[in-house]
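A short worksheet on the structure shown next.
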Amino acid sequence: MLPYGRQSISESDVEAVAEVLRGDWLTTGPAVGRFEEELARWTGGVPCVSVTSGTAALHVAYVAAGVRTGDEVVTSPLTFVATAATAALLGARVVFADVQPDTGNLDPEAVAALVTPRTRAVTAVDYAGHPADYDELRALCDPAGAVLVADAAHSIGSAYKDRPVGSLADLTTFSFFPTKTVTTAEGGAVAAADPEMLRRALRFRNHGLVRDPAEQREPDTGGWHQEVHEFGLNYRLPDVLCALGLAQLGRLGRFRERRSELVARYDALLRDVPGLTLPVQRAYVRPSRHLYPVRILAGRRREVYDRMRAAGIGVQVNYLPAYLHPVFGDLGYRRGLCPRAEEFYAEELSLPLFADLTDAQQDRVVDTLAGILG
Ligand SMILES: *Cc1c(COP(=O)(O)O)cnc(C)c1O
């Protein structure tokens, strides 16, 4: 089965991991800081904290944003459930705002109607790698005292008005799962410009441990002494995986180029296929696409999904609106809450897109799809 996404692992990636395995550090060693510094070159210099997954990154970001029980977090339903689940786990009420019908990104107008004094964070999702409308979202967050969060699991390497993803929100989260543009197997990161949010992120990742005597309550206890002031978790990304991430970041420029080529080929090859809408792009963004999401019209999405899979082409659907998961249903969220997200979901199909996809493989995807719809 041709997958919809997969990792690209080179011999140099393998060698980078093997080198760490032969050395002294498996967990927190020199590759962690090097990976975080290299990642910060992609976020326009905004400091980054590596963690064990994109989900951990969201959890850390909400902690850094100060999300607590009773707060509200406004976000898009057209995302992987983790964007909302991590806020709910902190006791926040998740408020879903509808998406723009064409990009599938959070609609600032919908957000404007839902921001209240209880809104602690607004989380945009750069759906498929296309950055959300950050200037408009920023203009809503700042007067409300809400923290702007970007779930950039899809959009590492993308730019919005010539500013890189990672520098657009107060907190930006990345995922390095194998289907994403850059992988560390499991892994993620949080970018935070504000020093206090950065400090909270670093601390939460490492059990909440306070090691600097200047900040301890009982600093004279002895050299071994460390204190926990607020609970944290172990979300540390190991050295072995940071070495893989470092090697992968060295290839991100080429990954982005190849993905753009493939997107341009899909755009050209699918233009005249009937029964299909192709993904749009705003004039002011330069997306590094994670997904190529087409819309299958006339109620044929399920049929096309089944027939593509039967032909050995691993298409995917991204996403079931998060509030349609039964866990949200049990909390009282109902179908119809965000009609545009539901319409998007009903038609959406993600075609294979990854750096090592060949032109011949892509031609087969196009021919199979055109054969079904033609
Ligand atoms: C993949 C993904 C996540 C979760 O990342 P993991 O690394 O799989 O935990 C969160 N949000 C979005 C939009 C994603 O695509």
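Brief remarks follow.
- Summed over the stretch 329-360, the residues that are closer than 30 Å to Gln248 by Cα, among the hydrophobic types (A, V, I, L, M, F, W, C) and either in contact with a strand residue (DSSP E or B) (Cβ under 9 Å, 6 or more places away or on another chain) or surrounded by fewer than 18 Cβ atoms within 10 Å (Cβ to Cβ) (or both) give a count of 5.
- Among the conditions (1) open to solvent by less than 30 Å² (accessible area, probe 1.4 Å); (2) more than 27 Å from Leu140 (Cβ to Cβ), the only one that Leu26 does not satisfy is (1).
- With respect to the conditions (1) assigned by TED's automatic domain parsing to the domain that holds Ala128; (2) buried (at least 20 other Cβ atoms within 10 Å of the Cβ), Tyr4 falls short on a single one, namely (1).
- One residue from Asp272, Asp363 being open to solvent by 10 Å² or more (accessible area, probe 1.4 Å) and assigned to a helix (DSSP H, G or I): Asp363
- Residue within the stretch 252-267 that is at pLDDT 95 or above, closer than 21 Å to Ala56 by Cβ and open to solvent by 40 Å² or more (accessible area, probe 1.4 Å) present: no
- Conditions (1) hydroxyl-bearing (Ser, Thr, Tyr); (2) touching a helix residue (DSSP H, G or I) at 6+ places or on another chain (Cβ under 9 Å); (3) under 26 Å from Tyr284 (Cα atoms); number of the one not met by Thr184: (3)
- Taking the listed residues Leu168, Leu237, Leu244, the one that is open to solvent by less than 60 Å² (accessible area, probe 1.4 Å), farther than 23 Å from Tyr62 by Cα and either within 16 Å of the ligand (Cβ to nearest atom) or not assigned by TED's automatic domain parsing to the domain that holds Gly29 (or both) is Leu244, with no other qualifying.
- Residue match in the stretch 294-301 (condition: of a type outside the set (Val, Ile, Thr) and crowded, with 20+ Cβ neighbours inside 10 Å): no
- Test result for Arg93, more than 16 Å from the ligand (Cβ to nearest atom) and within 19 Å of Arg205 (Cα to Cα): no
- Of all residues in the stretch 54-70, those that are more than 16 Å from Val95 (Cα to Cα) have Cβ atoms under 6 Å from Cβ atoms of residues that are open to solvent by 40 Å² or more (accessible area, probe 1.4 Å) and within 16 Å of the ligand (Cβ to nearest atom), 6 or more apart or on another chain, in Ala56/Tyr235.
- Across the stretch 49-66, the qualifying residues are those that are over 10 Å from Arg205 (Cα atoms) and open to solvent by less than 10 Å² (accessible area, probe 1.4 Å), and the one among them that is nearest to the ligand (Cβ to nearest atom) is Leu58.
- Test: Thr86 is of a type in the set (S, T, N, Q), within 16 Å of the ligand (Cβ to nearest atom) and in the same structural domain as Leu198 (by TED's automatic domain parsing): yes
- Test result for Ser288, outside any helix (DSSP H, G or I), modelled with pLDDT of 95 or more and among the polar types (S, T, N, Q): yes
- Residues considered: Ala185, Ala132. Of these, the only one that is of a type in the set (Gly, Ala, Ser), within 16 Å of the ligand (Cβ to nearest atom) and at positive phi is Ala185.
- Selection count where residues are surrounded by fewer than 19 Cβ atoms within 10 Å (Cβ to Cβ) and either within 15 Å of the ligand (Cβ to nearest atom) or touching a residue at least 60 places away in the same chain (Cβ under 8 Å) (or both), scope the stretch 188-198: 1
The values are calculated or read from the model by the stated rules, or taken from the named source; none is laboratory data. For clarity, every value in this text was computed on a predicted model and none was experimentally measured. Note: ideal-geometry Cβ built from the backbone for every residue, glycine included; neighbour counts use all protein chains shown. Note: accessible area is taken over every heavy atom of the protein model, side chains too, but ligands, DNA and RNA are not part of it. Shrake-Rupley method; radii C 1.70, N 1.55, O 1.52, S 1.80 Å.
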